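The values are calculated or read from the model by the stated rules, or taken from the named source; none is laboratory data. Nothing here was measured: the structure is a model prediction, and the numbers come from that model. Cβ: placed from backbone, ideal geometry, glycine included. Neighbour counts: every protein chain shown. These area figures cover heavy atoms from the full protein model, side chains too; ligands, DNA and RNA do not enter into them. Shrake-Rupley method; radii C 1.70, N 1.55, O 1.52, S 1.80 Å.
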Amino acid sequence: VEASIPEPQREAWKRNQITSFTDKDGFEKEVVRHVETTLARSMFNCDEIAAYSATSLSFRDRLITHWNRTQQRQTYRDTKRVYYLSLEFLMGRALDNAMLNVGLKNVAQGMQPLRTFAPDDWDCIIEDVIKQEHDAALGNGGLGRLAACFLDSLATLNFPAWGYGLRYRYGIFKQEIIDGYQVEVPDYWLDFNPWEFPRHDVTVDIQFFGQVNKKTDGGKTISVWEAGEIVQAVAYDVPIPGYDTPTTNNLRLWSSKASGGEFDFQKFNNGDYESSVADQQRAETISAVLYPNDNLERGKELRLKQQYFWVAASLYDIVRRFKKSRRSWNEFPDQVAIQLNDTHPTLAIVELQRILVDVEGLEWDLAWEIVTSTVKRPLYCFGYTNHTVLPEALEKWPVGLVQHLLPRHLQIIYDINLFFLQSVEKAFPNDRDILRRVSIIEESQPKMVRMAFLAIVGSHKVNGVAELHSDLIKTTIFKDFVEIYGPDKFTNVTNGITPRRWLHQANPRLSELIASKCGGKDFLKDLTLLNQLEKHIGDKQFRKEWAEIKYANKVRLAKHIKDTTGVVVNPASLFDVQVKRIHEYKRQQLNIFGVIHRYLSLKAMTPDQRKKQLPRVSIFGGKAAPGYWMAKQIIHLINSVGAVVNKDEDIGDLLKVIFLEDYNVSKAEMICPASDISEHISTAGTEASGTSNMKFVLNGGLIIGTCDGANIEITREIGESNIFLFGNLSEDVEDLRHAHTYGSHAIDPDLDKVFNEIEKGTFGTPHDFSAMIAAVRHHGDYYLVSDDFHSYIETHQLVDEAYRNQDEWVAKCITSVSRMGFFTSDRCINEYAEEIWNVEPLLVDRH
Ligand code: Z15
């Protein structure tokens with residue numbers, strides 16, 4: 001690194017090496033300095049917000065030195081880098097994570113300067129400080145959180161890697177529940193964000209619209225994309241610290257701005273002030289807001305603009321970095337691995353081809369070899385991860401829209417498609433229909449660009465996110481491509497989660513107990529070490545401490561429930577949790593129908609019978625896309641059932657129904673450790689993986705679930721006796737759906753009773769819920785709610801029985817945790833690195 005610093009600067013750099021705090025005193029000094037200088041406040045009125053700000057700034061300073069060093073080292077060594085392109089990064093809070101990863105949370109605990117505002121309980125101070133931070137919620141759900149876990153693992157494993165995303169001014173909306181309905185409130189989160197660094201010197205001009213003109217250049221015909229509109233991309237960098245390593249990677253988020261600074265001065269001077277302001281506003285709109293749909297594409301022009309804006313800026317940046325190394329273009333895939341998180345960044349393939357051919361003047365074939373890495377040597381550039389088989393989530397863009405916004409890109413897409421179809425025709429001369437089926441252009445009215453197909457053609461590897469899902473894409477939506485390319489292009493990388501945030505940070509007491517049995521904290525870096533827990537299962541004291549921690553976590557959640565909903569729940573009850581985006585395929589409706597069934601059963605009992613029942617709290621949480629009417633009705637039904645059940649004196653503690661407002665990453669950190677049983681009950685074959693299932697089991701909860709996504713692999717790892725599986729299998733779904741539509745469709749009799757009760761008005765105006773019932777009764781029950789209902793109810797009965805035997809229950813939980821090592825995102829990242837990216841870690845010296 002030293003050698004990379006120019007001679008004149010090197011001496012000054014050496015003389016003034018920045019050292020950051022290592023102990024309480026050093027930390028305290030930094031906090032006071034930041035309060036009194038950076039924040040221009042006085043220690044006399046240091047409130048929680050000032051305390052949060054100063055603490056963050058102090059830790060941030062620490063990160064910056066490591067971050068600089070990491071970047072210098074990566075530049076100097078010039079090895080292959082990974083670029084993770086994702087429209088979503090659901091990061092949550094940064095401070096706690098930074099403190100834990102740097103390993104100095106203890107110095108911040110009970111810190112002297114902050115005692116002014118919490119004089120009684122010094123140990124709690126830091127937890128109060130942490131809570132001041134606003135979640136960075138630049139994502140919808142699983143896909144965005146996966147990207148965040150991957151960044152944590154990439155840094156922890158010392159991979160030279162960058163994330164590229166959009167800096168939305170508004171992340172996912174804040175959810176309020178008013179009269180039982182979801183109301184969306186904008187989430188303005190950037191007011192004070194110490195974790196981002198604006199790079200006003202790192203900008204890229206991005207072009208939209210205009211026309212393509214043919215020109216001759218030295219006898220060669222070239223395409224020139226001219227006129228149109230220019231928007232400027234400005235980089236904002238976020239440091240990503242690894243756990244117990246100095247490696248600190250970079251997440252670069254692009255923000256949009258009118259090009260030419262504040263105003264178009266031409267227009268301004270011409271007296272056209274209003275239109276120059278309008279231009280500016282229009283440019284800033286591109287990065288203004290995250291589209292709040294999970295597993296749904298709505299084909300909006302602004303969304304396509306976001307995608308191109310982000311992809312073009314990122315590629316420009318990647319190419320600029322590559323060109324600094326003065327290598328020849330055919331080395332590009334040796335230096336660059338780009339992972340496409342879903343099809344959202346697929347235009348990157350087209351944009352790279354455009355840069356190589358139109359800007360750099362390469363021949364088409366050579367350029368395409370670089371893009372697709374089809375050269376004989378094992379070169380790698382693009383990899384594409386598919387996250388869903390749901391038809392409504394598969395991206396397609398109208399050809400007319402692409403033509404209008406990105407005329408040159410449409411030409412390139414047509415050329416890519418032409419060469420691709422020619423090769424298919426050659427390989428399958430007798431199959432006329434295959435060309436229609438696999439064409440990147442769907443010949444519909446209007447014609448559509450199929451982004452997944454483009455991503456497959458332009459990538460050297462395509463992966464699904466759990467075994468079942470990866471098998472499904474090979475046999476259904478991408479079947480023809482397996483025939484064309486052979487099976488090796490398609491692979492599986494089962495998702496994982498970072499144990500740093502999802503165990504150590506979310507559940508510090510459990511993490512500590514585990515450390516005491518697994519030979520220290522090494523398990524946080526090698527999660528398979530959890531298997532040492534199993535030999536302690538017979539230890540009564542250990543089981544007792546385990547159960548006490550779960551109970552304390554439930555008490556904490558019960559307090560949150562009381563504070564936010566006013567409902568008092570008994571922490572000794574079985575806590576049954578379903579928190580995730582609200583979606584018909586995830587079947588929160590099945591859960592709430594089950595709750596109603598339980599309620600009716602309890603009501604039908606004598607007081608003596610009731611005394612023998614196990615008390616339960618059914619906890620729901622999750623956001624519905626603002627335009628997803630049915631999902632909003634489901635939220636309303638849950639709240640309506642809660643309103644009736646929670647005040648029913650016959651029922652008391654036996655059943656409570658809670659809807660937790662505004663489920664997000666920081667709430668998940670509190671909820672996961674407090675669950676006894678969590679619900680992962682999607683219709684078989686619809687949930688690509690699921691990742692909260694992993695979080696709940698890792699925190700010592702059991703799960704009830706269908707044979708879907710990663711549930712199947714969780715079962716394989718932890719054992720069938722430690723999970724409650726129910727419902728129809730994925731291979732039978734098609735036939736069942738067919739039978740609903742073309743045969744007679746008899747509703748499960750217990751479910752019928754539930755419907756009748758809703759229709760009697762027990763839970764408010766029946767009309768509000770008629771569409772939900774009709775979806776099952778009259779519209780083909782696409783999600784198989786009725787088919788799975790009986791099995792679901794029976795399995796919940798088994799859960800009750802199992803929970804009565806607390807000793808055995810706790811043993812099941814410990815066994816499960818001990819076998820969860822596979823589901824760390826570190827394992828995923830190592831698999832991607834080996835199988836897809838061909839990159840190696842790069843260690844940075846400790847200082
Ligand atoms: C999303 O959150 C997921 C898939 C998508 O296609 C979109 Cl657009 C959003 C989720 C899957 O539903 C979930 O099963 C998976 O665990 C997650 O991505 C991460 O792979």
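Using DSSP to define loop residues, name the trypsin sites (Lys or Arg not before Pro) in segment 419-459 whose beta-carbon has at most 10 other beta-carbon atoms within 10 Å.
Working: sites: Lys426, Arg432, Arg436, Arg437, Lys447, Arg450; in loops: Arg432, Lys447.
Those that pass, being in a loop and sparsely packed, are Arg432.
Can you work out the PRE-style zone for Lys760? Point 7 Å along Cα to Cβ, and I want the residues of segment 644-660 with backbone N under 15 Å. What the label zone holds, given the 15 Å backbone N cut-off, is 644-645. To the nearest 10, the accessible area of His767 is 140 Å² with a 1.4 Å probe.
Per the helix-only calculation at 222 nm, which mean residue ellipticity applies to the chain, given -39500 (n - 2.57) for every DSSP H run of n ≥ 4 and division by its residues, nearest 500 deg cm²/dmol?
Values: 33 runs with 376 residues, N = 847.
About -13500 deg cm²/dmol.
Give me, ordered by chain and number, the residues 5 or more places off Arg616 or on other chains with an amide H under 5 Å from its own placed amide H. Hits under the 5 Å cutoff: Leu574, Leu655, Lys656.
Work out how much length Arg556 to Ser42 would gain on full extension: take 0.36 nm times their residue separation and subtract the Cα-Cα distance, in nm to one decimal.
Numbers: separation 514, 0.36 × 514 = 185.04 nm, distance 3.37 nm.
Working it through step by step, the gained length comes to 181.7 nm.
Under 5 Å between amide hydrogens, built in the peptide plane, is the criterion, and for Ser689 it picks out Ala710 among residues at least 5 positions away or on other chains.
If you take the beta carbon distance between Asp217 and Lys479 as r and set R0 to 25 Å, what does 1/(1 + (r/R0)^6) give as a FRET efficiency, to the nearest 0.05? Walk me through the numbers on the way to the answer.
Working: r = 43 Å, r/R0 = 1.73.
Here the calculated transfer efficiency is 0.05.
What percentage of the solvent-accessible surface of the chain, computed with a 1.4 Å probe over protein heavy atoms, is contributed by carbon and sulfur atoms? Here carbon and sulfur together make up 51 percent of the probe-accessible area.
Calculate, for the chain, the solvent-accessible area per residue in square angstrom, rolling a 1.4 angstrom probe over the heavy atoms of the protein chains.
In whole numbers, the chain has 40 Å² accessible per residue.
Count Lys and Arg as plus one, Asp and Glu as minus one, and take only other residues whose Cβ is under 10 Å from that of Val462; the net charge is then +3. Model label sites at Asp488 and Ser4, defined 7 Å from Cα along the beta-carbon direction, differ in position by 3.5 nm. Using a cut-off of 20 Å between Cα atoms, the listed pairs Lys131/Lys562; Lys215/Lys257; Lys214/Lys426; Lys174/Lys632; Lys559/Lys812 include Lys215/Lys257; Lys214/Lys426; Lys559/Lys812 as exceeding that distance. Oblate is the label for segment 496-570, because the ratio a/c of its alpha-carbon gyration tensor axes (a ≥ b ≥ c) is 1.5 or higher and a/b is not greater than b/c. For Val644 and Lys323, a Förster radius of 56 Å and the Cβ-Cβ distance give a FRET efficiency of 0.25, rounded to the nearest 0.05. Direction-averaged projected area, Cα convex hull, segment 412-522: 10.7 nm², rounded to one decimal.
Fully extending the segment from His404 to Tyr273, taken as 0.36 nm per residue of separation minus the present Cα-Cα distance, adds 44.4 nm.
With each label modelled as a point 7 angstrom along the Cα→C-beta vector, the Asp539-Asp78 pair spans 5.3 nm. Qualifying GluC sites (Glu not before Pro) in segment 441-520, where qualification requires a DSSP coil assignment and no more than 12 other C-beta atoms within 10 Å, comprise Glu443. Take the Cα radius of gyration of segment 696-742 and divide it by 2.2 N^0.38 Å, N being the number of residues; the result is 1.42. Taking all Cα pairs closer than 8 Å and separated by 6 or more residues, the relative contact order of segment 689-847 comes to 30 percent. Compared with the alpha-carbon gap, the fully stretched path from Lys612 to Ala427 is longer by 59.7 nm at 0.36 nm per residue.
Check each of the trypsin sites (Lys or Arg not before Pro) in segment 629-674 and keep only those in coil by DSSP with at most 15 other C-beta atoms within 10 angstrom; list them in order. Could the numbers behind the result be given before it?
Working: sites: Lys632, Lys647, Lys656, Lys667; in loops: Lys647.
Hits after loop and neighbour filter: Lys647.
Using the membrane-span-like helix rule (whole DSSP H runs, Cα extent along the own axis of at least 15 Å, mean Kyte-Doolittle hydropathy at least -0.5), which helices of the chain qualify?
On the way: long enough: 48-77 (43 Å, -1.02); 142-156 (21 Å, 1.04); 273-285 (18 Å, -1.37); 301-324 (35 Å, -0.42); 407-427 (31 Å, 0.18); 540-565 (37 Å, -1.21); 588-603 (22 Å, 0.18); 629-645 (24 Å, 1.13); 730-742 (19 Å, -1.38); 749-760 (16 Å, -0.97); 785-804 (28 Å, -0.78); 806-818 (18 Å, -0.03).
Helices meeting the span and hydropathy rule in the chain are 142-156, 301-324, 407-427, 588-603, 629-645, 806-818.
Cross-link reach is defined here as a Cα-Cα straight distance under 19 Å, omitting same-chain residues fewer than 8 places apart; for Lys525 the lysines meeting it are Lys105, Lys517, Lys695.
Going by a ≥ b ≥ c, the root eigenvalues of the Cα gyration tensor, does the chain fall in the rounded group (a/c under 1.5), the prolate group (a/b larger than b/c) or the oblate group? Could the numbers behind the result be given before it?
On the way: a/c = 1.65, a/b = 1.21, b/c = 1.37.
Oblate is the answer for the chain, as a/c is 1.5 or above yet b/c matches or exceeds a/b.
What's the center-to-center distance, using Cα atoms, between segment 267-299 and segment 445-510 in Å? If we compute the Cα centre of each part, the gap is 33 Å. If R0 equals 35 Å, the separation of the Cβ atoms of Glu731 and Arg509 corresponds to a calculated FRET efficiency of about 0.25. Which shape class, rounded, prolate or oblate, goes with segment 459-588 when its Cα gyration tensor gives a ≥ b ≥ c as root eigenvalues, a/c under 1.5 marks rounded, and past that a/b bigger than b/c marks prolate? It is oblate, given that a/c is not under 1.5 and a/b is not larger than b/c.
The modelled label-to-label distance between Ile18 and Gln797, using points 7 Å beyond Cα along the C-beta direction, is 6.5 nm.
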